[in-house]
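To start, the structure itself, in structure tokens.
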Amino acid sequence: MKNVVIIGGGITGLSTAYYLQQRARRDGVSIRCLVLEKDEKLGGKIQTENIDGFVLEKGPDSFLARKTAATDLCRELGLEGELVGTNPNARKTYILHKGKLHRLPPGTQMGIPTQFGPFATTGLLSVKGKARALMDLVLPRNETDGDQSLGGFLARRLGDEVLEAIAEPLLAGIYAGDARKLSLRATFPQFEMIEKKYRSLILGILAQKRAVQSPSSATKHGSVFLTVKSGLGTIVKRLTEELGAETLRTKSKVTQITARMREERFEYTIHLDHGEHVPADAVVITTPAFSAAEIFPHRDTISEVLQQIPYVSVATIVLAFPQDAVSFPLDGTGFVVPRKEGRTITACTWVSSKWLHTAPEGHKLLRCYVGRAGDEAIVDRPEEEIIAKVRQDLSDIMGITAEPLFTRLTRWKQSMPQYTVGHLNRLQEIETEIMNRWPGLLIAGAGYKGLGVPDCILEGKKTAEQVLEYILQ
Ligand code: FAD
């Protein structure tokens, strides 16, 4: 019997454990798997609260449908019937510009226009800004090799105005990051490939659209994003049921991993904060990189590189209102806010319009984000101050002055990993070093190769395969 310890009970750790057990059962391999989670609850960033008919997501609220790892897992867990797409009558996205909400021109992908009518008439850009964006059609391709910043890349092809007014606020919604520091290769590698192949981003995306018969990346639900009706927490609940109580331990913070060689294999010992030691033949670390750095067997070069992966703090604020308190037409998924607008909120999701199941009849649910790279101090301010600033923004932008029925603030300290320029090379180097020095020890999760829920699940699945391969050597 081999012992596998998985550190961290977020979606990556739980998926790793689930797929490990599935494959081990299928292949008749005898393993004992244990997930160690420092908090009282499992799920990590996935936290759903169901109260009085409201479905409140404190962290992620949905996942990209075209990345199928999450839908596959939901199917395996018997949750396929619970999957829902966004409201087909409210799929517009808005961007705040000079204090007013403007619709993101249809066909725009991260600022790249693919339908010229809506782009020509949008109030988000000046005539000069639009003309500069269309220069993409004639600009030469970049011949230099190596990683570059996503922001620098978009500004070079489409101009600063598109970057600042459209692309950056949309990106902030995903990474809460500074586009001029994020790595193109680690975030949108497809853009680099389009430039290499087609030279122009606009022409390349149009060519790709023509080549693919289906009109968009939408699924059979007709939606780019999907969620689980009772909340993403149900995925966590079903995974914990499948794994069983004997596999899962909460309130178990790992403080260190030590290793010693025995019969040409490493034996690992996992040290917990309450003094207990757990033996392991293989270990998977799925914690954020800064936590991984602290527990690594020797705090040397590997820890140093892990420690350098920056994380940004954000907070989400859910606000529930009686229907008649919100007269603003909620005909979309919500809006994002560019930095130069000088607002506290970075985005607002019109939750009950985006997902029709999330609020009981006669109510509206909104969720705002605060905090982004270079602007994180707000996350540590007292709750009353944050709520007051958020309500001020909602009043100025949407005219909502009524007292909310309730609010929920969730602070996510150091929660958004930043894949900065060169991230993938650095990762490759430490992965090789870990493999050479600590065989049987693996790292996986949002801090490394993809922070979306489907990326984390896929990473868990791949890591489970690697663990089994190692055990069977
Ligand atoms: P985590 O969820 O961070 O889990 C790691 C776990 O390790 C935690 O539970 C932690 O307590 C534990 N841990 C840490 N140190 C130790 C230790 N020493 N010992 C034991 N345990 C430890 N993605 C989407 O796809 N769609 C969205 O809509 C979306 N929205 C988001 C909104 C917010 C506000 C945030 C913060 C993220 C969002 N994301 C979204 C990203 C996504 O939720 C996360 O990237 C993903 O859930 C991370 O999963 P994980 O298991 O890798 O890490």
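The values are calculated or read from the model by the stated rules, or taken from the named source; none is laboratory data. Treat the numbers as computed from the prediction; the structure is a model and nothing was measured. Here the Cβ is made from the backbone with ideal geometry for all residues, glycine too, and neighbour counts use every protein chain on show.
All of Ala402, Ala446, Ala464 fail the test of being part of a helix (DSSP H, G or I) and touching a helix residue (DSSP H, G or I) at 6+ places or on another chain (Cβ under 9 Å), apart from Ala464.
For beta carbons closer than 9 Å, sequence separation of 6+ or different chains, a first residue in region 289-300 that is without any contact (Cβ under 8 Å) to a residue 40 or more places away in the chain and within 8 Å of the ligand (Cβ to nearest atom) and a second that is in a loop (DSSP other than H, G, I, E, B) and among the hydroxyl-bearing types (Ser, Thr, Tyr), the qualifying pairs are Glu294/Thr287.
Per this entry, Ile378 is counted among residues that are farther than 18 Å from Pro322 by Cβ and not in a strand (DSSP E or B). Looking across region 296-350, the residues that are among the hydroxyl-bearing types (Ser, Thr, Tyr) and either outside any helix (DSSP H, G or I) or modelled with pLDDT of 95 or more (or both) come down to Tyr311, Ser313, Thr316, Ser327, Thr333, Thr344, Thr346, Thr349.
Results for (1) under 24 Å from Ser62 (Cβ atoms); (2) away from the ligand (no atom under 15 Å from the Cβ); (3) touching a Phe, Trp or Tyr at 6+ places or on another chain (Cβ under 7 Å), shown as yes or no for each residue.
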site: Arg411; (1), (2), (3): yes, no, no
site: Arg426; (1), (2), (3): no, yes, no
site: Thr432; (1), (2), (3): no, yes, no
site: Pro439; (1), (2), (3): no, yes, yes
site: Leu442; (1), (2), (3): no, no, no
site: Cys456; (1), (2), (3): yes, no, no
site: Lys461; (1), (2), (3): yes, no, yes
site: Tyr470; (1), (2), (3): no, yes, no
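For Thr287, the requirement of being hydroxyl-bearing (Ser, Thr, Tyr) and farther than 30 Å from Cys348 by Cβ is met. Elements of the type helices (runs of 4 or more DSSP H) sitting completely within region 165-209 and holding at least 2 residues that are crowded, with 16+ Cβ neighbours inside 10 Å and among the aliphatic types (A, V, I, L, M): these cover 168-175, 184-187. Out of the residues in region 245-260 that are in contact (Cβ under 8 Å) with a residue 12 or more places away in the chain and part of a strand (DSSP E or B), state the one that is nearest to Leu14 (Cα to Cα). Per the stated criteria, the residue is Leu248.
For region 1-50: of the residues being touching a Lys or Arg at 6+ places or on another chain (Cβ under 9 Å) and free of Cβ contacts under 8 Å to residues at least 60 places away in the same chain, which is farthest from Cys456 (Cα to Cα)? Out of the qualifying residues, it is Met1.
This table checks each residue for (1) within 12 Å of the ligand (Cβ to nearest atom); (2) more than 18 Å from Leu42 (Cα to Cα); (3) at pLDDT below 95.
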{"site": "Ile257", "(1), (2), (3)": "yes, yes, no"}
{"site": "Glu264", "(1), (2), (3)": "no, yes, yes"}
{"site": "Ile270", "(1), (2), (3)": "yes, yes, no"}
{"site": "Asp281", "(1), (2), (3)": "no, yes, no"}
{"site": "Thr287", "(1), (2), (3)": "yes, no, no"}
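From the list Leu64, Leu73, the lone residue that is more than 9 Å from the ligand (Cβ to nearest atom), under 30 Å from Cys368 (Cβ atoms) and not hydroxyl-bearing (Ser, Thr, Tyr) is Leu73. State yes or no: is Thr108 at pLDDT below 95, crowded, with 18+ Cβ neighbours inside 10 Å, under 23 Å from Val336 (Cα atoms) and of a type in the set (Ser, Thr, Tyr)? Yes, satisfied. Listed by first and then second residue, the pairs linking a residue in region 369-398 that is over 30 Å from Leu182 (Cα atoms) to a residue that is of a type in the set (Val, Ile, Thr) and at pLDDT 95 or above, with Cβ atoms under 6 Å apart and 6 or more places separating them unless they lie on different chains, are Ser395/Thr401. All conditions in (1) over 25 Å from Phe266 (Cβ atoms); (2) near the ligand (Cβ under 10 Å from one of its atoms) hold for Asp52, with the sole exception of (2). Among the residues of region 24-43, those that are more than 20 Å from Thr250 (Cα to Cα) and surrounded by fewer than 17 Cβ atoms within 10 Å (Cβ to Cβ) comprise Arg25, Arg26, Asp27, Gly28, Val29, Ser30.
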